[in-house]
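First the structure, in the form of structure tokens, and then the observations on it.
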Protein chains: 2
Amino acid sequence: MAQDILIEDSRILAVAKSGSLEVEPGTETIPADGLLAVPGFINTHAHVPMVLIRNLAEDVTPTEWFNDYIWPMESNLTEDDVYWGAQLGMAEMIENGVTCVADHYFYVDRIAEAVEQSGMRANLTWAVFGHEGEERVDQTVEFIKRWQGKADGRITTYLGPHAPYTTSPEFLAMCARKARQINTGIHIHVSETAPQVELSLEQYGITPVKQLQETGIFDVPTILGHCLYPREGDFKILAAANTGIAQAPKTYMKHGMGMAPIEKYLEHSIPIGLATDGAASNNTLDIMEQMRLLAMFTKYKTSDPTVMKMGQVVDIAFRGSAKVMHLEGQIGEVKAGFLADITLLRQDALYATPKANPLAALIYCLRASDVDTVLCNGKVLMQGRKLLTLDKEKIRQEVQSRVQRLSQRLPGTAIAYYPT
Amino acid sequence: MAQDILIEDSRILAVAKSGSLEVEPGTETIPADGLLAVPGFINTHAHVPMVLIRNLAEDVTPTEWFNDYIWPMESNLTEDDVYWGAQLGMAEMIENGVTCVADHYFYVDRIAEAVEQSGMRANLTWAVFGHEGEERVDQTVEFIKRWQGKADGRITTYLGPHAPYTTSPEFLAMCARKARQINTGIHIHVSETAPQVELSLEQYGITPVKQLQETGIFDVPTILGHCLYPREGDFKILAAANTGIAQAPKTYMKHGMGMAPIEKYLEHSIPIGLATDGAASNNTLDIMEQMRLLAMFTKYKTSDPTVMKMGQVVDIAFRGSAKVMHLEGQIGEVKAGFLADITLLRQDALYATPKANPLAALIYCLRASDVDTVLCNGKVLMQGRKLLTLDKEKIRQEVQSRVQRLSQRLPGTAIAYYPT
């Protein structure tokens, strides 16, 4: 049944049968005949500017990936590089129907600028390694003060100690204390690989998840990247925390990292959301691909095609991801009272013909290239696949002109060291 | 380095640095600036007309899938339905850059008509269940005589006993004998699930693969669908046979079927090719998606991101698939002497920006929607994403008008019974 969606300012006022809504004269109409309206896709854990170095670290181990490729290349990045990388990533995500992202990177003032221009919604975190010290954390607190609630409320900000394996417990405790002081949350990586958990048990006698609890990180709202290797005792800790877990299945498959115990997280009512991680590991920022992979991957892993049914898949993609963003009730549904973050998809591709089951088509047939129109916060960011807020040609030129310099890997220039 | 490809009739005459080839006046030029030329993608095992019933059997077990959904729905099919299903599937595949398919279905004369019109290359097999008897096999022999080598040689034909689990050993032996008599090959399903192998061991004391050997099926060239569960002794049999194995990872993941021991097949030099199976299990006919999944899936399964390196992935996708089709040296390479089956891909999408590693972009970034131009047998089938041989609108209408009737599932109407 065709429906109309009435939007006022940043919010959805009503959703009802086509033609049944009373509309004030002069109300703008966005054509959507035959299009499928879904909530804007949500990317709950990314490093957006890493699109700059995509496709440059393939077929290598996680240790090589960090120490021989990514961290040396990232040492080449300037603030301007990060700005153009963020522009590219935002443009790519809007084309992919993504309206909201939790980003974890550095030079984040420049990412915030790109978010402001793009019209997207974002939670921004300035990542800090332990060796960078308290002074750097204080700088990121200043970043938070500059940007929290800016861009018509589209930008929120969290603190970002990088991970338990790149910080000390004291450093984590210091970050937790500062987060409480300024009333913000924390976005952090945890338990990405089995060796990371082993290392934590050796060094500290506790799991990385337990470490987050003991250092007070879980005293504030958190977004956890990955968490593929919780131990049995971790589930209770995670269930009691105000937290959610970002899942990027393409990254995990490609890097032979294994897979998170999704079903156990769901059993414990621990929120799960979709994510792309950075394009250096995921190659693209395509949440629809992650949605399909999460569904198929879970069926594969459990040897049971009846699990992760279609309703559950979209529930994770939208409501689950909204919970991970701590924006439940605000985004993730096309419903009166919610923010007007909406993606409209074409359904007429041959690979979705005949039309018989829109939900199956959404999960298993459609591609991000079927995204036609994207709204965020009530504003149109793309219409008929034309980007309205960002300059695609300029972005392409700026990024292409930087790749040769950025892909250099000079000895001794890594931004950090991966220990396992 | 930009290159030109010179084509005469159905074959590639030369590939050389742009501008360096001597070309006769009046030679037609196909613009390809900035496009990536790859061999046409090859689909080594499909049931193309099943696009008619895509998205209609989701989240169910393999047994329910066969007995409660697919085989009842297939009992509704008329010859005309199959024709329009074939047209839809061919159009979808051409848009996806696929130029060659091994199809296994029924009413195959009508599929052959669609292949002839589409301009694609196909190996066509009329599937026969054991209960249909020798008379039906003889009818498919007549089909072979009508179509072998037709459509400028684009159509080849094989015999098609459905699978060891839907035929008796005597039936298989009879099919093998007839295949030898008319000098053709056999396309068959084998060892798709562990229960199928168990059933064979119980009933006959041997594996399905051994059954194929003992009944003489391997005395002729074969295409094997799936073969996820070979037992140890099967590898030697398969390596000695003139055979290849079609792999459809999306189908296997979605249906929780497990995964074939790809690495062991490669160790034994058993050819592996990519396939979509039918769209009723795979939802789409997208070989690029299968290529990406095969790579990621193998890395995941082995917990080793350094296996299935990019060169090997494209080797399987193109040369491997050509071997499975028994067309090695004819298709699967863009090289002088090969048939002119060529797919040209755009590389300018934001999700493949910056351009830094075309092979990584091909495998991990590009989508089938980036296919711009498709040639098969030296003829242009699609240019600038416009289909030149098939009528997309007519196909959409014909297929949509049939779906309600075809989706009916009436008791006692299944075309066969799945025993495990």
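Residues that are closer than 30 Å to B:A295 by Cβ: list the strands (runs of 3 or more DSSP E) wholly contained in the range A:1-109 that include at least 1 such residues. Full working, then the answer.
Numbers: elements: A:3-8, A:11-17, A:36-39, A:41-46, A:98-105.
By residue number, A:36-39, A:41-46, A:98-105.
Among the residues of the range B:145-162, which ones are aliphatic (A, V, I, L, M) and crowded, with 22+ Cβ neighbours inside 10 Å?
Hit for the range B:145-162 is B:L159, nothing else.
Residue by residue through the range A:398-420, note down the ones that are free of Cβ contacts under 8 Å to residues at least 12 places away in the same chain and surrounded by 12 or more Cβ atoms within 10 Å (Cβ to Cβ).
Hit for the range A:398-420 is A:Q400, nothing else.
Quick one: is B:E8 farther than 24 Å from B:V108 by Cα, free of Cβ contacts under 8 Å to residues at least 60 places away in the same chain and not aliphatic (A, V, I, L, M)? Don't jump to the end; show me each part of the working.
Working: farther than 24 Å from B:V108 by Cα: yes; free of Cβ contacts under 8 Å to residues at least 60 places away in the same chain: no; not aliphatic (A, V, I, L, M): yes.
Here the answer is no, as B:E8 does not meet what is asked.
Of all residues in the range A:202-215, which are among the β-branched types (V, I, T) and surrounded by fewer than 23 Cβ atoms within 10 Å (Cβ to Cβ)?
A:I206, A:T215
Can you pull out every residue in the range A:53-68 that is surrounded by fewer than 24 Cβ atoms within 10 Å (Cβ to Cβ) and at pLDDT 95 or above?
Looking only at the range A:53-68, we keep the residues that are surrounded by fewer than 24 Cβ atoms within 10 Å (Cβ to Cβ), and these are A:56-68.
Result: A:L56, A:A57, A:E58, A:D59, A:V60.
Only one of (1) more than 19 Å from the chain's Cα centre (by Cα); (2) buried (at least 16 other Cβ atoms within 10 Å of the Cβ); (3) at pLDDT 95 or above fails for A:A112. Which number is that?
(1)
What's the number of the only condition in (1) at pLDDT below 95; (2) crowded, with 24+ Cβ neighbours inside 10 Å that B:A102 fails to meet?
(1)
Hey, could you check the range A:102-131 for residues that are touching a Lys or Arg at 6+ places or on another chain (Cβ under 8 Å) and free of Cβ contacts under 8 Å to residues at least 40 places away in the same chain and say which is farthest from A:M90 (Cα to Cα)?
Of everything passing the filter in the range A:102-131, A:D109 is farthest from A:M90 (Cα to Cα).
Matching residues to (1) under 21 Å from the mean Cα position of the chain (by Cα); (2) of a type in the set (A, V, I, L, M, F, W, C); (3) at pLDDT below 95:
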| site | (1), (2), (3) |
| --- | --- |
| A:P358 | no, no, no |
| A:L366 | yes, yes, no |
| A:L388 | no, yes, no |
| A:R409 | no, no, yes |
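Could you tell me whether any residue of the range B:287-297 is over 22 Å from B:L381 (Cα atoms), at the interface with chain A (Cβ under 9 Å from one of its Cβ atoms) and assigned to a loop (DSSP other than H, G, I, E, B)?
Within the range B:287-297, not a single residue is over 22 Å from B:L381 (Cα atoms), at the interface with chain A (Cβ under 9 Å from one of its Cβ atoms) and assigned to a loop (DSSP other than H, G, I, E, B).
Kindly indicate whether A:G97 is over 20 Å from B:T353 (Cα atoms) and either of a type in the set (V, I, T) or touching a residue at least 40 places away in the same chain (Cβ under 8 Å) (or both).
Considered against the rule, which asks whether it is over 20 Å from B:T353 (Cα atoms) and either of a type in the set (V, I, T) or touching a residue at least 40 places away in the same chain (Cβ under 8 Å) (or both), A:G97 comes out as no.
Output the number of the condition that A:A127 fails; it satisfies all remaining conditions of (1) crowded, with 17+ Cβ neighbours inside 10 Å; (2) farther than 30 Å from A:M291 by Cβ.
In the conditions (1) crowded, with 17+ Cβ neighbours inside 10 Å; (2) farther than 30 Å from A:M291 by Cβ, A:A127 misses (2) alone.
State yes or no: is A:A349 among the small types (G, A, S) and touching a residue at least 24 places away in the same chain (Cβ under 8 Å)?
Working: among the small types (G, A, S): yes; touching a residue at least 24 places away in the same chain (Cβ under 8 Å): no.
When the stated conditions are applied, A:A349 does not pass them.
Being within 14 Å of chain B (Cβ to nearest Cβ), closer than 30 Å to B:P358 by Cα and in a loop (DSSP other than H, G, I, E, B) is the requirement here; does A:T284 meet it? Please lay out each step first, then the result.
Numbers: within 14 Å of chain B (Cβ to nearest Cβ): yes; closer than 30 Å to B:P358 by Cα: yes; in a loop (DSSP other than H, G, I, E, B): yes.
In short, yes.
Which numbered condition in (1) assigned to a helix (DSSP H, G or I); (2) in contact with a strand residue (DSSP E or B) (Cβ under 6 Å, 6 or more places away or on another chain) is the only one that A:S200 fails?
Unmet condition: (2).
Looking at A:V38, is it out of contact with any Pro (no Cβ under 6 Å at 6 or more places or on another chain), away from chain B (no Cβ under 14 Å) and at pLDDT 95 or above? Spell out how you get there, then give the answer.
Working: out of contact with any Pro (no Cβ under 6 Å at 6 or more places or on another chain): yes; away from chain B (no Cβ under 14 Å): yes; at pLDDT 95 or above: yes.
Yes: the conditions hold for A:V38.
Looking at the range B:42-83, which of its residues are aromatic (F, W, Y) and more than 10 Å from chain A (Cβ to nearest Cβ)? Spell out how you get there, then give the answer.
So the first thing to find is which residues in the range B:42-83 are aromatic (F, W, Y), and the list is B:65-66, B:69, B:71, B:83.
Within the range B:42-83, B:F66, B:Y69, B:W71, B:Y83 qualify.
Given (1) of a type in the set (A, V, I, L, M, F, W, C); (2) under 26 Å from B:K386 (Cβ atoms); (3) surrounded by fewer than 24 Cβ atoms within 10 Å (Cβ to Cβ), where does B:L77 come up short, assuming only one miss?
B:L77 satisfies all of (1) of a type in the set (A, V, I, L, M, F, W, C); (2) under 26 Å from B:K386 (Cβ atoms); (3) surrounded by fewer than 24 Cβ atoms within 10 Å (Cβ to Cβ) except (2).
The values are calculated or read from the model by the stated rules, or taken from the named source; none is laboratory data. Since the structure is predicted, the reported quantities are computational estimates derived from the model, not experimental observations. Cβ: placed from backbone, ideal geometry, glycine included. Neighbour counts: every protein chain shown.
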